[in-house]
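What follows is one structure encoded as structure tokens, with my remarks underneath.
The values are calculated or read from the model by the stated rules, or taken from the named source; none is laboratory data. No experiment lies behind these values; they were computed from the predicted model shown. Here Cβ is always computed from backbone atoms with ideal geometry, including for glycine, and neighbour counts include all displayed protein chains. Accessible surface is based on the protein model in full, side chains and every heavy atom, while ligands, DNA and RNA are left aside. Shrake-Rupley method; radii C 1.70, N 1.55, O 1.52, S 1.80 Å.
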Amino acid sequence: MMTKAVEHRIEDFTIKEEPFYMPLGDEITIFEQAYQSKLPVMLKGPTGCGKTRFLEHMAFRLQRPLITIACHEDLTTSDLVGRYLLKGAETVWNDGPLTTAVKTGAICYLDEVVEARKDTTVVIHPLTDNRRVLPIEKKGEILTAPDDFMLVVSYNPGYQTFLKDLKQSTKQRFIAMDFDYPTADLEKQVVVKESGVSEDIAEKLIELAHKIRNLKNRGLEEGVSTRLLIYAGQLISERIDVMNAVRVAMIKPITDDEAMQVSLEEIALSIFS
């Protein structure tokens, strides 16, 4: 029985067109310095505030492939590192996304890393210190990460609980960059650019978003994200009725409580009437 290895085409992970991103501060400079210094980075902030878009922009800027892993509670070490698979009469080793990133010097992005099991995230520890290695126990190999490899994780601190949070032994292996929703003026520019709506509509969408965000922890678990504002704007640009667009893109996704939905619709009507 022969043993082979499956290699992934790194071109599939290369971002070919520059993603639009509007800087909020000095995050680009800090990230570039972290890359040059071979430091792992943690992006912290609420859902839909631009963490992933920022990383896509930086991957393009640094001309590095970006391999994204959506973390979840069933994610295993083998899912990250790789496993042997039977294909006919052959045993084939299939690299996991983390191994592929290390071999190719890509940026590896663990999105919402707090969702992964703690026994799974331990595998990244040797990559986050001066060793910068990835042990592949099933093959008896240790991969040394090239200089252009980078590990980035993200999570939303607002969702952390005693049972679902990153261990300090993991947190303190990264530099942390905080992200939040942009200021009203910057967010307006983003919504106009990304959705194509007029500035007047964008201003009203943002006014509504700010009112909804003020209800966080007062009936809502989370405020409405910039991503949802863009979705609403895209629907409006395609001539969907404004209130219908707001209802399906900004209200229903963030709450299932019918009374809260009615209250939010009343706020929206007061703004768009």
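Report whether or not residue 46 is modelled with pLDDT under 95 and open to solvent by 40 Å² or more (accessible area, probe 1.4 Å).
Numbers: modelled with pLDDT under 95: yes; open to solvent by 40 Å² or more (accessible area, probe 1.4 Å): no.
For residue 46, the condition - modelled with pLDDT under 95 and open to solvent by 40 Å² or more (accessible area, probe 1.4 Å) - is not met.
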Sole miss for residue 53 among (1) surrounded by 16 or more Cβ atoms within 10 Å (Cβ to Cβ); (2) closer than 28 Å to residue 126 by Cβ is condition (2)
Looking at region 197-225, I want the residues that are without any contact (Cβ under 8 Å) to a residue 40 or more places away in the chain and in a helix (DSSP H, G or I) and have a partner that is of a type in the set (Asp, Glu) and buried (at least 17 other Cβ atoms within 10 Å of the Cβ) with Cβ atoms under 6 Å, at least 6 apart or on another chain. Which pairs are those?
206/187
Residues in region 54-78 that are assigned to a helix (DSSP H, G or I) and at pLDDT 95 or above total 9
Has region 24-40 got at least one residue that is part of a strand (DSSP E or B), at pLDDT 90 or above and open to solvent by less than 50 Å² (accessible area, probe 1.4 Å)?
no
Pairing a residue in region 164-188 that is under 13 Å from residue 41 (Cβ atoms) with any residue that is among the hydroxyl-bearing types (Ser, Thr, Tyr) and surrounded by 13 or more Cβ atoms within 10 Å (Cβ to Cβ), where Cβ atoms lie under 8 Å and the two sit 6 or more apart in sequence or on different chains, gives 173/128; 174/128
Suppose we filter region 237-256 for residues that are over 26 Å from the mean Cα position of the chain (by Cα) and either under 15 Å from residue 208 (Cα atoms) or open to solvent by 80 Å² or more (accessible area, probe 1.4 Å) (or both); how many remain?
6
Residue within region 212-235 that is open to solvent by less than 40 Å² (accessible area, probe 1.4 Å), of a type in the set (S, T, N, Q) and under 22 Å from residue 266 (Cβ atoms) present:
yes
